[in-house]
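Since every read-out is calculated from the coordinates, none of them should be taken as a lab result. All values derive from a computational prediction rather than experimental measurement. Cβ placement follows ideal geometry from the backbone for every residue including glycine, while neighbour counts extend to all protein chains displayed.
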Amino acid sequence: MDRTTAFRDEFVQNTHYRLDQNLRMVTISLNKVSEEQVWQKPNASLNSIGNLILHICGNMTQYGIASLLEIEDSRDRDNEFFSEGRYAKVALLQMLSDTVDRVKESVASISISRMLKHQEVQGYDLSGIGNIIHLVEHFSYHTGQIAFWVKLLNDEQLGFYDGIDLNAKNKP
């Protein structure tokens, strides 16, 4: 295997890992709140957990599917923030899981040349790699918001890293 292919494969593997980790954390968080809390907003300037999940799905679909596969972008971003209470927790989690699976398939299927090709997405000129980095960091950002909101609602730790020694030192 040449170095370029090895780099691509490692990048795809790490992208999948990060998407799976964020999905795991959102799942844990969602399982700790009620149906009502999913759509509760802390104030008028902030979003509910449900709206954040819809927003994550919309962003990942735009950046990780439509753009990477160069298919029609049918995202309705504004609707992600106005869909209050339309979905139950189980439906939101299924939608997020399905979106993550489709993005992982998309990322795994594109060529090295598509990873390097630039395209305008949401007003930004990004390569395929840029799209992938954006969708992973965007998912992570909102995963943190969801976790914070659940911790605030329940006053409890979420246990994301139970069983892992986070004080372990790096090994050469």
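Maximal additional length on extending the Y17-K32 stretch stands at 3.1 nm, based on 0.36 nm per residue less the C-alpha distance. Expressed in units of 2.2 N^0.38 Å, where N is the residue count, the Cα radius of gyration of the stretch 23-136 is 1.14. Comparing Cα centroids, the stretch 89-150 and the stretch 1-30 end up 11 angstrom apart. For the chain, what does -39500 (n - 2.57) per DSSP helix run (n ≥ 4), summed and divided by total residues, give at 222 nm, in deg cm²/dmol to the nearest 500? Calculated from helices alone, the mean residue ellipticity at 222 nm is -19500 deg cm²/dmol.
Panel order for M1, M60, M25, by other beta carbons found within 10 Å of each beta carbon, from fewest to most: M1, M25, M60.
Taking the fewest neighbouring Cβ atoms within 10 Å as the starting point, the ordered list for T15, T27 is T27, T15.
Taking Cα centre as origin and charging only the Cβ of basic (Lys, Arg, +1) and acidic (Asp, Glu, -1) residues, the dipole magnitude of the stretch 28-170 rounds to 200 debye. Setting aside same-chain residues fewer than 8 positions from K41, which lysines have a Cα under 25 Å from its Cα? The reachable lysines, counting only those whose Cα sits under 25 Å from K41, are K32, K89, K151.
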